[in-house]
Structure formats: C-alpha cells, structure tokens
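Data block below; observations after.
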Amino acid sequence: MPNTSQVSVTTTATLLVTANRADQLVYLHSSSGIIYLGGAGVTASTGYKMDNGDKLSMQLSDNEALYGITSSGTATMMVMATVN
C-alpha cells in the first residue's frame with residue numbers, strides 16, 4: 001500500500017522519505033516553490049533541483065532516505081512511496 005504525504009520543506013534539510021529495509025518506488029511533485037533533493041547533507045547548491053510544478057519518479061535502494069531543502073522560505077513537496 002502506498003504512503004502519501006505533503007511535506008513542508010524549509011532551509012534546513014527535511015526528511016521526505018524514510019529509509020526502509022526494502023527498495024522503494026517514490027513519486028514526487030514540487031507543488032509550491034523550488035526544492036533541492038539529496039541525502040541528509042543536501043544543500044541548495046549540491047541538491048537535485050526541482051522547480052515549482054516538476055514531477056519525478058525514482059527508486060530508492062534499501063536503507064536509503066531522501067531529503068529536501070529550499071534556498072529560502074518554505075515549499076511543499078507531495079510524496080507517494082511504495083515498497084517494492
């Protein structure tokens with residue numbers, strides 16, 4: 001069963017998808033603002049940039065978490081994750 005959430009992302013690395021013991025398929029939609037994706041140490045200069053309205057699907061390996069951060073203010077990331 002997929003898990004869905006709306007996550008408020010700020011200028012501090014924010015957990016989007018928790019690590020799981022199995023691979024996960026993740027669907028992301030940046031619904032308000034620019035969000036940068038990466039690991040726990042993600043920054044606005046090192047993360048993968050998602051512009052407002054961008055959508056992305058990706059697979060996370062077992063024990064891999066995903067974080068997001070903004071360069072300023074707050075943005076919302078829509079997240080759906082399912083274990084493979």
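Structural remarks
- Single match in Ser57, Ser32, Ser45 (criterion: hydroxyl-bearing (Ser, Thr, Tyr) and in contact with a Leu (Cβ under 9 Å, 6 or more places away or on another chain)): Ser57
- When the stretch 1-55 is limited to residues that are of a type in the set (Lys, Arg) and under 13 Å from the mean Cα position of the chain (by Cα), the one that is nearest to Thr70 (Cα to Cα) turns out to be Lys49.
- Within the stretch 60-76, the residues that satisfy the criterion of being over 11 Å from Val17 (Cα atoms) and in a strand (DSSP E or B) are Ile69, Ala75, Thr76.
- Test result for Lys55, open to solvent by 40 Å² or more (accessible area, probe 1.4 Å) and in contact with a His (Cβ under 7 Å, 6 or more places away or on another chain): yes
- Count of residues meeting criterion [touching a Phe, Trp or Tyr at 6+ places or on another chain (Cβ under 9 Å), among the hydrophobic types (A, V, I, L, M, F, W, C) and assigned to a strand (DSSP E or B)] in the stretch 10-28: 3
- Looking only at the stretch 1-22, residues that are at pLDDT 95 or above, exposed (fewer than 13 other Cβ atoms within 10 Å of the Cβ) and within 20 Å of Asn84 (Cα to Cα) come to 3 in all.
- Restricting attention to the stretch 62-84, the residues that are open to solvent by 60 Å² or more (accessible area, probe 1.4 Å) and either touching a helix residue (DSSP H, G or I) at 6+ places or on another chain (Cβ under 8 Å) or not charged (D, E, K, R) (or both) add up to 8.
- Residue-level analysis places Thr43 among those that are in a loop (DSSP other than H, G, I, E, B), open to solvent by less than 70 Å² (accessible area, probe 1.4 Å) and β-branched (Val, Ile, Thr).
- Failed condition for Ser31, given (1) part of a loop (DSSP other than H, G, I, E, B); (2) open to solvent by less than 60 Å² (accessible area, probe 1.4 Å): (1)
- Looking only at the stretch 23-78, residues that are hydroxyl-bearing (Ser, Thr, Tyr) and more than 28 Å from Met1 (Cα to Cα) come to 7 in all.
The values are calculated or read from the model by the stated rules, or taken from the named source; none is laboratory data. All values reported here derive from a predicted model rather than from experimental measurement. Counting neighbours? That spans all protein chains shown, and the Cβs are built from the backbone with ideal geometry, glycine included. Side chains included, ligands, DNA and RNA excluded: accessible areas come from the protein's heavy atoms. Shrake-Rupley method; radii C 1.70, N 1.55, O 1.52, S 1.80 Å.
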